[in-house]
Amino acid sequence: MKEIYILLTNSTTLISKAISLCTKAEYTHVALAMDKDLTMLYSFGRKFKWSMVPSGFVREGVNHGVMGDSENMKCALYTIQISDNAYQRLANRLRHMESKKNCYRFNYLGLPMCGFGWKSGGKNVFFCSQFVCHVLQKSGAIEEHKHPSLTHPVDFQKLQVANKIFEGKISELRKFAF
């Protein structure tokens with residue numbers, strides 16, 4: 001068995017504030033890490049920290065970008081135990097997507113559609129929670145619980161297989177000892 005990590009955050013960016021306002025959700029962004037140092041988080045989001053556009057497949061980190069510029073960003077970290085085979089399939093899928101990252105687009109239209117409960121997207125179009133759900137389901141790391149394009153970041157808190165190991169400010173997470 002291997003452990004993977006799900007990081008939920010709520011930043012002060014304009015898009016995060018808009019999502020919070022519309023959904024009243026505690027967390028507005030989700031990223032996936034394959035190891036506990038969290039230096040390589042995979043998600044769909046802004047490619048440059050000062051601009052919402054362009055957005056797409058990104059590697060984030062708690063020490064750089066939007067997360068690195070914040071001391072007070074609220075976050076929660078969850079672990080999920082997955083089989084060695086699921087871990088390998090997930091790692092392969094992430095490597096493949098990263099190598100073809102220019103083929104993927106951000107699902108801008110999917111954000112409001114998700115809020116209305118309408119499915120959206122295509123083969124290479126994702127927003128953060130849609131992406132994380134998609135890769136976890138396709139790798140066999142989690143059972144299908146809902147359509148990826150209808151998945152909100154807070155849905156990962158509800159996964160029975162997810163165990164919360166940290167909640168607080170991102171500055172505290174950087175010091176957190178696993």
(request) Determine, for H29, H152, the number of other Cβ atoms within 10 Å of each Cβ, and report the residues in order from fewest to most. (result) H152, H29
(message) Using Cβ counts within 10 Å as a stand-in for footprinting exposure, how do V53, V62, V125 rank, fewest first?
(response) V53, V125, V62
(message) Suppose R0 equals 30 Å. What FRET efficiency, 1/(1 + (r/R0)^6) with r the Cβ-Cβ distance, do S83 and C103 give to the nearest 0.05?
(response) 0.60
(message) With unit charges on the beta carbons (Lys and Arg positive, Asp and Glu negative) and the dipole taken about the Cα centre of the chain, which residue among G168, L21, V154 sits farthest to the positive side?
(response) L21
(message) As a quick test, which of the pairs K24/K169; K101/K175; K36/K175; K101/K169; K36/K74; K49/K158 have an alpha carbon distance above 21 angstrom in this structure?
(response) K101/K175; K101/K169; K49/K158
(message) Just to check I understand the Karplus step: with θ = phi - 60° and J = 6.51 cos²θ - 1.76 cosθ + 1.60, what whole-Hz values come out for region 80-88, glycine and proline as x?
(response) 9, 7, 10, 5, 4, 5, 5, 4, 5
(request) Label region 1-63 by shape, choosing from rounded, prolate and oblate, from the square roots a ≥ b ≥ c of the eigenvalues of the Cα gyration tensor; if a/c is under 1.5 it is rounded, and otherwise prolate applies when a/b is larger than b/c, oblate when it is not. (result) oblate
(request) Just tell me which aspartates and glutamates come within less than 19 Å, Cα to Cα, of K123; anything on the same chain fewer than 8 places away is out. (result) E98, E144
(request) For M40 and K138, compute 0.36 nm times the residue count separating them, minus their Cα-Cα distance, and round to one decimal in nm. (result) 33.3 nm
(message) Skipping prolines and chain starts, which residues have an amide H placed within reach, meaning under 5 Å, of the one on H145, given they are 5 or more residues away or on another chain?
(response) none
(request) Kindly state, to the nearest 0.05, the FRET efficiency for N92 paired with F166, given R0 = 45 Å and r defined as their beta-carbon distance. (result) 0.95
(request) Taking 7 Å along the Cα-to-C-beta vector as the label spot, tell me the L14-L159 distance in nanometres, rounded to one decimal. (result) 3.2 nm
(message) With unit charges on the beta carbons (Lys and Arg positive, Asp and Glu negative) and the dipole taken about the Cα centre of region 49-178, which residue among A76, G122, G140 sits farthest to the positive side?
(response) G122
(request) Among D155, D37, rank each residue by its count of other Cβ atoms within 10 Å, from fewest to most, as a rough exposure measure. (result) D37, D155
(message) With the alpha-carbon atoms as the only input, what is the per residue convex hull volume for region 2-175 in Å³?
(response) 103 Å³
(request) Could you tally the net charge around S120, taking each other residue with its Cβ under 14 Å from the Cβ of S120, Lys/Arg +1 and Asp/Glu -1? (result) +4
(request) For region 42-92, run through the chymotrypsin sites (Phe, Trp or Tyr not before Pro) and keep only the ones in DSSP coil with at most 10 other Cβ atoms within 10 Å of their Cβ. (result) W50
(message) Given the DSSP H assignment, sum -39500 (n - 2.57) over each helix run of at least 4 residues in the chain and divide by its residue total; what's the result at 222 nm in deg cm²/dmol, nearest 500?
(response) -8500 deg cm²/dmol
(message) Placing unit charges on C-beta atoms (Lys and Arg positive, Asp and Glu negative, everything else neutral), compute the dipole magnitude of the chain about its Cα centre in debye, rounded to 20.
(response) 500 debye
(request) Specify which residue in the list N85, M113, T12 is farthest towards the positive end of the charge dipole of region 1-113, using unit charges on the beta carbon of Lys, Arg (+1) and Asp, Glu (-1), about the Cα centre. (result) M113
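Each reported figure results from applying straightforward, stated rules to the coordinates on display, with no laboratory input. Quick caveat, the model's predicted, so the values are computed rather than measured. Quick reminder, even Gly has a Cβ in these numbers, built from the backbone with ideal geometry, and neighbours come from all protein chains shown.
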